[in-house]
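For reference, the structure is listed below as structure tokens.
The values are calculated or read from the model by the stated rules, or taken from the named source; none is laboratory data. The structure displayed is predicted, hence computed values, not measured ones. Using ideal geometry, Cβ is built from the backbone for each residue, glycine included, and neighbour counts are taken over all protein chains shown. Surface accessibility is based on the protein's heavy atoms, side chains included, excluding ligands, DNA and RNA. Shrake-Rupley method; radii C 1.70, N 1.55, O 1.52, S 1.80 Å.
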Amino acid sequence: MAVDHTRAPVLEALAEYRREGRLSFTPPGHKQARGADPATREVLGDAVFLGDVLATGALDDRLTRGRVLERAEELMADAVHADHAFFSTCGSSLSVKAAMLAVAGPHEKLLIGRDAHKAVVSGLLLAGIEPVWVEPRWDPDRHLAHPPSAEEFDRAFAAHPDAKGALITSPTPYGAAADLRAVAEVCHRRSRPLIVDEAWGAHLPFHPDLPSWAMDAGADICVTSIHKMGSGLEQGSVFHLQGDLVPPELLGMRADLLGTTSPSSLIYAGLDGWRRQMALHGRELMGATLELAAEVRAAIEEIDGLHVNDRADFCGPGRADDFDPLPVVIDLSGLGVSGYQAADWLREHRGLIAHITDHRRIGAQLTHGDDRETAGELLAALKDLARVAPSLPAAPEVAVPVPDELRMAQVALPRDAFFGPTEDVPLEGAAGRVAAEMITPYPPGIPAVLPGERLTEPVLRYLSTGLAAGMYLPDPSDPSLKTVRVVAE
């Protein structure tokens, strides 16, 4: 049956709602902006409130006979070569948890790349899944983790044949990508499903010069954030399914367990509109974005003191298998400033917001929403940064551990450590104790400390020096890191 990607069921239903002038005596209580705070209306505009209607009973009827959401999800699945697509208005943080719960349950094993996002760890805490950590490929010169290799997953399955499946993050926020086809083959040889956290890869299906899309590579479940590299609204996520290793009904049930009963029609509309935009114009839009990224990368490389990490930096033996050039990751080592300093200076003095910030890099994410004007502003701001860098204070030292020191032993189930008896101890006395909380440099949101890991001095020193240098740690119970929450003895 022919699929018509000019249609957008959610957007069409919203237009019909307005056209018919329906009068709602249901939530939301702002009643199509009439009851909203005037100052809020002035900032947000009435269009936000006019599109904020119930998904069931307004966007569709009370029995969902119009199949509005179902039709939108079918179109999304077709556009990205999946068997099924599920919309989420709670971000990929929910979507990846639903995927995990559909594959493994309490005290069952799941192979997981240790460079996973904190949302994955939250899923472990909620479900009581036992993680089998698969080591990323670590670049000791650039202090970067790349996705684990297929060989590492193969070895992990050999050591843990009872594992229910595997989860890998690809691409990373830095743009490094795995050989997903090879990882999927390792899983399927054992009839085990592969989950891909592809939150940073919403754009990948739409141009052949980008890394392989998880569904095309044979993954069973793929989670993607449409708000990251796409043009959806914040919290707009889709998880996709193919094959017969995970029943769609089971995945839907797990998502329903975690999801809100009050989904946002605005977010649904953003997902629906993005799919239509990409299905009709994706190759053209992404092609232009790749051309712009190449120009921007070349121009940044000409600025003294700046180096743009490229394929040669990220790919090769012991490193990543593929590379997405749109997260433009800039090494600042030649300027003698940290990513934290650079991000703060760019925001304060040039009104420019960087994405990735770490001890030596900033990231400037490009999407199809950028053009030569925004690229020109980025380049001008970076030139100004290079000019003033000698006058900035010397970058505070961050004690980044070597690879062997970075990984800590998992000695307790994350859920048991997190929910069991705990105590707070001074940072200086925390080494050797078992962590009862996550501690996560953000962005990119990969925990340095997980509940159930035995804390070590190098990791604690890394976090304390990082915090002093400007690192953002959103989740420890003591934001100052004077104390750390550990399992009570």
> Stokes-Einstein D for segment 1-50 at 4 °C, 1.567 mPa s, Kirkwood Rh over Cα pairs, in µm²/s?
Replying inline: 101
> Under a point spin-label approximation (7 Å from Cα along Cα-to-Cβ), what is the LYS31-ALA47 distance to one decimal in nm?
Replying inline: 2.5
> Sequence-distant or interchain residues sharing an amide H contact under 5 Å with LEU167, placed H: which?
Replying inline: LEU111, ILE112, GLY113, ILE195
> How big is the antiparallel share of DSSP beta bridges in the chain, given as a percent to the nearest 5?
Replying inline: 65
>> Using DSSP H assignments, which helices in the chain have an axial alpha-carbon span of 20 Å or above and a mean Kyte-Doolittle hydropathy of -1.0 or higher?
In response: 265-301, 372-388
> Using the eigenvalues of the Cα gyration tensor, what equivalent ellipsoid semi-axes result for segment 381-489 when each is taken as the square root of five times the eigenvalue, whole Å, largest first?
Replying inline: 31, 13, 13
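Report the extension gain between LEU280 and ARG22 in nm, rounded to one decimal, defined as 0.36 nm multiplied by the number of residues separating them, less their alpha carbon distance.
Taking 0.36 nm per residue and subtracting the Cα distance, the gain is 89.7 nm.
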> Under 5 Å between amide H atoms, partner at least 5 residues away or on a different chain: which partners does LEU144 have, H built in plane at 1.01 Å?
Replying inline: ASP139
>> Between THR261 and ASP304, what's the calculated FRET efficiency when r is the beta-carbon distance and R0 is 60 Å? Round to 0.05.
In response: 0.60
>> I need the trypsin sites (Lys or Arg not before Pro) found in segment 17-46, filtered to DSSP loop residues with at most 14 other beta carbons within 10 Å of theirs.
In response: ARG22, LYS31, ARG34
>> Using a 1.4 Å probe on the protein heavy atoms, what percent of the accessible area of the chain belongs to carbon and sulfur?
In response: 52
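Hey, with R₀ at 30 Å, roughly what FRET efficiency would THR465 and HIS160 work out to, going by the Cβ-Cβ distance, to 0.05?
For R0 = 30 Å, the calculated efficiency reads 0.30.
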> Which whole-Hz couplings ³J(HN,Hα) result when phi for each residue of segment 356-362 is put into the Karplus expression 6.51 cos²θ - 1.76 cosθ + 1.60, θ = phi - 60°, listed in order with x for Gly and Pro?
Replying inline: 4, 9, 9, 5, 9, 9, 10
>> For SER170, SER333, give me the order by solvent-accessible area with a 1.4 Å probe, most accessible first, ignoring ligands, DNA and RNA.
In response: SER333, SER170
> Per-residue accessible area for TRP213 at 1.4 Å probe radius, Å² rounded to 10?
Replying inline: 10
>> Please report the accessible area of TYR462 (heavy atoms, 1.4 Å probe, ligands and nucleic acids excluded) in Å², nearest 10.
In response: 40
> How high is the FRET efficiency from SER480 to GLU348, r the C-beta distance, R0 30 Å, rounded to 0.05?
Replying inline: 0.80
> Which value, in Å² rounded to 10, gives the accessible area of MET215 with a 1.4 Å probe and all protein chains present?
Replying inline: 10
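Can you tell me the accessible area per residue over segment 120-179, all protein chains present, probe 1.4 angstrom, in square angstrom? Walk me through the intermediate numbers first.
Details: 1830 Å² over 60 residues.
Value for segment 120-179: 31 Å² per residue.
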> How big is Rg to Rh over the chain, alpha-carbon atoms, Rh as the Kirkwood inverse-mean-distance radius?
Replying inline: 0.97
